[in-house]
Structures are given as structure tokens and as C-alpha cells.
1. Mind checking whether some residue in region 590-604 is closer than 19 Å to Asn405 by Cα, hydroxyl-bearing (Ser, Thr, Tyr) and not in a helix (DSSP H, G or I)?
2. Please indicate, with yes or no, whether at least one residue in region 563-580 is hydrophobic (A, V, I, L, M, F, W, C), outside any strand (DSSP E or B) and within 20 Å of Pro221 (Cβ to Cβ).
3. Would you please name the residue that is farthest from Ser501 (Cα to Cα), looking only at residues in region 518-553 that are under 29 Å from the mean Cα position of the chain (by Cα) and at pLDDT 95 or above?
4. Kindly list the number of the only condition in (1) of a type outside the set (Ser, Thr, Tyr); (2) open to solvent by less than 30 Å² (accessible area, probe 1.4 Å); (3) part of a loop (DSSP other than H, G, I, E, B); (4) closer than 30 Å to Glu446 by Cα that fails for Val364.
5. Go through (1) in contact with a strand residue (DSSP E or B) (Cβ under 9 Å, 6 or more places away or on another chain); (2) under 12 Å from Gly510 (Cβ atoms); (3) polar (S, T, N, Q) one by one and return the number of the condition Ser605 breaks.
6. How about region 211-234: which of its residues are polar (S, T, N, Q) and either open to solvent by 20 Å² or more (accessible area, probe 1.4 Å) or not in a helix (DSSP H, G or I) (or both)?
7. From the list Ala310, Ala250, Ala290, which residue is over 30 Å from Thr59 (Cα atoms), open to solvent by 30 Å² or more (accessible area, probe 1.4 Å) and in contact with an Asp or Glu (Cβ under 9 Å, 6 or more places away or on another chain)?
8. Check region 380-394 and report whether any residue there is open to solvent by 50 Å² or more (accessible area, probe 1.4 Å), more than 25 Å from Thr470 (Cβ to Cβ) and free of Cβ contacts under 8 Å to residues at least 40 places away in the same chain.
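The values are calculated or read from the model by the stated rules, or taken from the named source; none is laboratory data. If you're wondering where the values come from, they're calculated on a predicted model, not measured in any experiment. All Cβ positions, glycine included, derive from the backbone under ideal geometry; neighbour counts span all protein chains shown. Keep in mind that these areas ignore ligands, DNA and RNA; they rest on the heavy atoms of the full protein, side chains included. Shrake-Rupley method; radii C 1.70, N 1.55, O 1.52, S 1.80 Å.
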Amino acid sequence: MEMSTMSACLAALALATVVACGGDDDAPPAPAPAFQVKVIGFNDYHGNLQSPGSFGTSTAVPSAQRPAVGGAEYLAGHVAKLKAQNPNHVVVGAGDLVGATPLISSLFFDEPSVETLNRIGLEFSSVGNHEFDKGAAELLRLQNGGCKQTAGANDPNSCRGAAVGTPVPFEGAKFKWLSANVVSTATGQPLLPAFGVKRINGVDIAFVGMTLRATPTIVTPSGVAGLEFREEAATVNALVPTLKAQGIEAVVVLIHEGGFQTGSLADINQCEGQLAGSAIAAIVGRLDNAVDAVVSGHTHSAYNCRLPNASGRAIPVTSSSAFGRVVTDLDLTIDPATRDVTAAAATNRLVDRTDTTVTPNAQVQALVAAYGNLVSPIANQVIGSITAELPNSNADAACNMLAGNLIADAQLAATAPAGFGDAVIAFMNRGGVRTPGFTFAQSVGEGDGNVTYGEAFTTQPFGNSLVTLTLTTQDLKNVLEQQFAGCRGQSATATRIMLPSKGFKYTWDGAQACDARIRNVTLTRGATTETLVDAAGVVQMPTRTWRVTVNNFMADGGDGYTSFLNGTNRLGGAQDIDALVAYMARYKAPAPAYAPGTEAEDAGSARIQRVGGSSCPGGAATNP
């Protein structure tokens, strides 16, 4: 009995054990926990290998307390610090990595920009409008590598790896430029991949790259020849089924388009005004709910927003200023079961050169120093001097700009002589005057007030040529009206006030309707002042003609100034940088320095006047 009872108990125990094990096998496995992915983003690098100066987290920070920021070696160091916080990371860009670059990159065909970005660890980036400055073929060379060809041979300023410590021939981008909405008209296919995918913890995350649809209006025609730029939101939305068919639920859009905060604080982690009226807000508002975050750029503005998509869900929309000043730290929480993003939090962080917790990347630092040594004999040549700061920022609510005035005057001087254009007026587009303008105070080198070739090139880096053409008085009135968003074919999201040469003055009133904003247009030459448009806005002698100089970008209708296409008797001239250098020679010691506001033709008053208003408009605004 005892043995039988014991056997029964053992049998029962054995059965119980089997049942218990069997129960564990049948139970569903515990779900894998959610995990975070750190997306590290920046935009509008523009080849700023060296620090662009100081920058604050907002305008409330006094100038003296704003730290020095940027520089490729510190950008690399800050990226490395963020990477160390999470092994699940990806580094992305939102375009304009190259183009409109300082001489240290531009002289070498922006190969230094790509080489530093490779070593910073960039993985994916959208293309920006400036990636097309030199055309699609040159963009593809920067992507794929190889030496720049000039007259059938390697250009001597290309493939300088032996001198700077990088591979020869030029290595090309190790990251992937993406162009979902930029399509070759010959093939009907995207010029570059539409999206890139990174797999983290078994989950695929898609990064869709795009540039602004308006790129053909702000790039020379040769730069975008053979390309079609499609509507941004529709392009993304059309890709969603393809992504889902590949099992991809986590989607981040990298787009070279942006907006501005309203107000004056400009805190890098705020979103004053929710980017209302901006192109990027309109695009996000049309995006499929599959998109989880948007990393944007183009406007050189910093913001940290949550904007509603087409379904009304608020998603992160970020931008990190420009020139390597700021990086975006975007944490995505992903559910591995659904493969989708369940939460997102973004913080914009200064690329602070005084941050003792950041180690600058020694390899990048050496690379920048090597290119600096190559370019310094040219860059450090003093071309003239100035008596005061000439920034590329707005001087007043009428949109006068001191740096732009100097450039417009230089272009007029280059094309006024008989046989060189006979110009009496010149206009400069403000977007072509790059940061910082002309700086008076110098921390090293040439001395306060002296302007070097490198500084001039940084302010005017596009290599445009001058074009002088004949316009009627009516044409002039029309192109001035065309400066305002939505007027005469101008983009509905772009108000672009040009900078005129000395002696040319006008008044504008943003409260008026299109074609009724411009009045009091006069031109002073010597002791004679002529009225082109009277105080009531009536054009005087509408068919009278004038010789007007602009750069080739504007002459071809760039920035929406299509009225310049009416110009006749076009005559090509010098490159814009050469005109500027020649003009500044007038102000090189021992000659007196250039003093803004002292031109006799301006009679001591601003060239652009305005009725009312509190700030220079941009974007869709016409009367802030």
C-alpha cells in the first residue's frame, strides 16, 4: 500500500511537472519592450567647416553671453556625445549641405564639405536647392566620388586628398542623398533614392528625402535642367503604400523646406506662431498619418514644433538654424510589435565650442586645418576696408541692408562704363547676400575694418555673373511690385525685397493691394533726380528705357522676379565676386575706408522707404 501510494504520488508529481512545463510552452511570450532611437539632425551646413561665430539659444541671451558655436570638429564632437547616449541612433540632414559655401570649401568644389560630413557620421540627407547650384551631374559626382573635370582634365583644386589626408581620388559621400520628389525627365525616376532605411532592433525605419518644389525658381536654369520637382506632400503620401508593403511603419521625412517663428524671441526650442502661413506648415498639414516626424531646413531658422498632419495628429517638426550652429536631438519610441513610433520628443542643442563635456574630433580638426592652409594665401588677401559693420541682416522695417547696398553699388560700378553695360541701376537679391555680411571687428589677422577676399567670398559665394539688360519704366514698377508674396506670379509664401544701388529710391506700403504697393520711385544721377513713379503710384513715361544690372540668376527669373525676363539687349559681365573685389580696391589703404550711408546720390536717407510696419517681411507676410 505504501509503495503503491508512493508510486501514485510520484506519478502525480511527474504529471504535475509535465503539465506545468506544458503550460509555460502554451502561454504567449512576453512582448518585447519598446525601445528608443535617437535621431540626430542638422540642416543647411553650407560647408561651414570653421565656426560661424557666436549664437544664443534665443535673442534674450545678451550678445556677450552667446558662446562660439559650430565648426566641423565640434559638430562631430557633439554628434558623438549624442551617439554615446544611445547605441540605437541615426544621423540625418535636411539639405543644403553644399553650395553657397565659404572659400575653404567652395575653392575645392565642396569636396571638403562632403569629407567632413563623412567623418561626422552623417547617414542620410535630403537634397536642398543649393545641391543643384552646379547641376545634377556635379551633385552625382559629390555622391559617387571622382575628380572634378575641367577642360577634359582633373582640376588642380579637386582631389586634394594627398595634401589633406583623405583618399585620392575624392571619396564621394558615404552618406546617401535622397530625392523622392526630384525626378529625371528622361527616365521618370528619382535622381537619387527616394528613401533610405535603417534597421534597428529588427525594426526598419524609413527616411524620406525631399527638397522644396520651388527649387527651379531659386536656382539657375542650368542647375535644374532635365529635372522635375514634384509637390512634396503628395510625393510622400504616394510612397506610404510602398513603405507599408515592405513592413515599414516608422517614417521620418527629411525635407529642405521651412518656416519662421513669429515674435522676436526666436528660442531654438519654441514654436512661436506655429509657423503659420509657412510652406512647411502647409506641407505637414497634408501629410499622411504614417509620417511620424519631420526634420526640416531651408530658412536657416531654428524651431521645435508639433504641427498637425492631415489627420490632425500633431507630429514633431524641427529645424536647427544653419552652418552647424545647432543639432536636433530627436528621441523616437518604437513598439517592436507594431514597428511603429509611439512617442517622440525633440530638443535643439547648441553646438557649443565652450562645452567642456564635448571633445572635438581630432581627425576632422586636422582635415579643416589642412584645407585652411591650402586656401589661406588667397583667403587672407585684404581687398579693402570699411568703417563700420555691414551685416546681411535687415537694418529697418523697410528691409534696407547695408551689406546688400555695398554689393549693389559694386555691381553698378562694374557695369556703368560705356561698353560694359551702360547701367544706371543695379539690384541685388537679398538671399544672395550670405551671413555674416562684412564684419568690422576682427579677432585675428588683418586688423579691424579690413575686408579679406575670403570674407568677401563668404558673403557672395555663388559665382554668378552680371547681366545688364534694358527695361522700361513699367517693367521696373512691375518687378518692384513682384517682390511681394503672391503678386505678379511671385510665390505665395515668399516676400523678397531687393537691394538697389545708390541713387535709386522708392517707397512701399504693404497694406495696399498687389500692384498698388510701390510709389515715389526716383533715380538720382549727379545733381539730377528723375521721377519714375509718382506719389500716387502712377508710372511716368512708362515706355522709357533704362539699363539695369542684376546677376544671371535674377536675370533668368530667379527668386520669382520674372519681370526681368522682359529685358532686352542683354550683355554679360564679370563675375559678382570680381566686381566686388574691384570696387573694394577703391577703399583699400591708403585710400579712405568705405563708409555706409555717405554716397552723395542717397542724400543721407535710406534707399528703401516704407509706410507703416514694424519689421521687414519674409515668407507669406507682406505687412508685418
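1. yes
2. yes
3. Asn551
4. (3)
5. (2)
6. Answer for region 211-234, where residues must be polar (S, T, N, Q) and either open to solvent by 20 Å² or more (accessible area, probe 1.4 Å) or not in a helix (DSSP H, G or I) (or both): Thr211, Thr217, Thr220, Ser222.
7. Ala310
8. Among the residues of region 380-394, not one is open to solvent by 50 Å² or more (accessible area, probe 1.4 Å), more than 25 Å from Thr470 (Cβ to Cβ) and free of Cβ contacts under 8 Å to residues at least 40 places away in the same chain, which makes the answer no.
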